[in-house]
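Encoded as structure tokens, the structure appears first; notes follow it.
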Amino acid sequence: MAAELEPVFVLLVDVEMEQRRIVEEAERRAHAVRDAAREQAAGLLNEARGRVAAERAAGSAAVQRAGEKEQQDLLAAAREEAARIEAEMSERMPLLVERALRSVDLMLGDETAATGEGGAS
């Protein structure tokens with residue numbers, strides 16, 4: 001009976017060897033797929049980091065531009081206000097000088113009247 005089963009055992013040994021070969025090949029392929037997936041994930045992560053850095057830089061530049069624009073707007077408004085005040089003062093200056101001179105004249109007139117220095121002019 002052993003002689004009759006020998007071809008079956010030989011076939012079983014062949015089947016076992018083929019099965020091991022298939023398992024080893026599957027493991028090699030699985031490792032290759034895992035390695036490729038890791039490389040792809042690392043590449044995607046690097047790309048994402050690059051995009052984040054670029055977006056941060058763009059955002060920072062936009063904020064800086066907005067700040068510069070706001071600063072320019074404030075400076076322009078301050079210049080306009082200064083020009084308005086200067087124009088208003090230019091208009092009012094003759095009246096203020098006249099009032100000041102009148103006040104001085106009145107004070108001097110009171111002083112000269114008190115001391116008797118005022119004569120007929």
Rounded to the nearest Å, what's the spacing between the alpha carbon centres of the range 6-41 and the range 55-97? Just the number, please.
-> 77 Å
How would you classify the range 1-85 from its alpha-carbon gyration tensor, with a ≥ b ≥ c the square roots of the eigenvalues: rounded for a/c under 1.5, else prolate if a/b is greater than b/c, otherwise oblate?
-> prolate
Label point distance in nm, residue 33-residue 48, each placed 7 Å from Cα along Cα→Cβ = 2.2 nm
How much solvent-accessible surface does residue 103 expose, in Å² to the nearest 10, with a 1.4 Å probe and all protein chains in place?
-> 60 Å²
Among 9, 60, 83 - extreme Cα towards positive end, dipole of the chain, charges at beta-carbon | 9
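The values are calculated or read from the model by the stated rules, or taken from the named source; none is laboratory data. Keep in mind the model is a prediction, meaning the values are calculated, not measured. Methodologically, a virtual Cβ is constructed for each residue, glycine included, from the backbone with ideal geometry; neighbour enumeration extends over all protein chains shown. Note: areas computed on protein heavy atoms with side chains; ligands, DNA, RNA excluded. Shrake-Rupley method; radii C 1.70, N 1.55, O 1.52, S 1.80 Å.
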